[in-house]
């Protein structure tokens, strides 16, 4: 799903406030920018409280992006919390060739049943990975790794470098390295079907 020529890759992130969807979208945008692409990253909040459903968006292209509208027909939908499946319209605007990437400990068929989406579904146990590597259930970096693997939009090393630059002064060395390990595991452990 590499962005070629002037193909616009549109990504919609679904999560709950506090799970890091906004940060993951921003890190992805900065990594794509460093790779020479044009980018946009922006969040959309409903009720601004921790745990409330929220969305974030990425647009990535090799040519200038003129539209600043939310992503209505995503190429990729990333879901950081599987309790949102069936609770909000996750699959709205998805096309037959769109990809759905979900943080879940359940299987692809469970996701398919909950969403009714018949296209490509990828799953990764991002919360479990985050708990093991970072020490807290923040699924954004493993989900970012999974997204990079599935889309091949930017090299994993570029995302790693951006995480080090962005979070290096904000996190302890232990937490920073945990995030890098979580990113890599998300990349390695994502599985897809369909």
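The values are calculated or read from the model by the stated rules, or taken from the named source; none is laboratory data. Note that the structure is a prediction, hence the values are computed from the model and not measured. Glycine also receives a Cβ, built like all others from the backbone with ideal geometry; neighbour counts cover every protein chain displayed.
Could you list all residues from segment 166-183 that are in contact with a helix residue (DSSP H, G or I) (Cβ under 9 Å, 6 or more places away or on another chain), part of a helix (DSSP H, G or I) and free of Cβ contacts under 8 Å to residues at least 12 places away in the same chain?
Answer for segment 166-183, where residues must be in contact with a helix residue (DSSP H, G or I) (Cβ under 9 Å, 6 or more places away or on another chain), part of a helix (DSSP H, G or I) and free of Cβ contacts under 8 Å to residues at least 12 places away in the same chain: just 177.
For segment 130-139, does any single residue satisfy the condition of being surrounded by 20 or more Cβ atoms within 10 Å (Cβ to Cβ) and not in a loop (DSSP other than H, G, I, E, B)?
yes
So which of 161, 113, 149 ends up being loosely packed, with under 14 Cβ neighbours inside 10 Å and either within 19 Å of residue 22 (Cα to Cα) or at pLDDT 95 or above (or both)?
Step by step, each of 161, 113, 149 is checked, and only 113 is loosely packed, with under 14 Cβ neighbours inside 10 Å and either within 19 Å of residue 22 (Cα to Cα) or at pLDDT 95 or above (or both).
Determine, yes or no, whether residue 78 is in contact (Cβ under 8 Å) with a residue 60 or more places away in the chain and either more than 23 Å from residue 18 (Cβ to Cβ) or assigned to a loop (DSSP other than H, G, I, E, B) (or both).
The answer is no for residue 78.
For segment 45-61, enumerate the residues that are under 16 Å from residue 81 (Cβ atoms) and either surrounded by 13 or more Cβ atoms within 10 Å (Cβ to Cβ) or at pLDDT 70 or above (or both).
Of everything in segment 45-61, those that are under 16 Å from residue 81 (Cβ atoms) and either surrounded by 13 or more Cβ atoms within 10 Å (Cβ to Cβ) or at pLDDT 70 or above (or both) turn out to be 45, 51, 52, 53, 54, 55, 56.
Check residue 186 against each of (1) under 11 Å from residue 103 (Cβ atoms); (2) assigned to a helix (DSSP H, G or I); (3) over 13 Å from the mean Cα position of the chain (by Cα) and name the one condition it does not meet.
(3)
Can you name every residue in segment 107-127 that is assigned to a helix (DSSP H, G or I) and in contact (Cβ under 8 Å) with a residue 12 or more places away in the chain?
The answer is 108, 111, 112, 114, 115, 126, 127.
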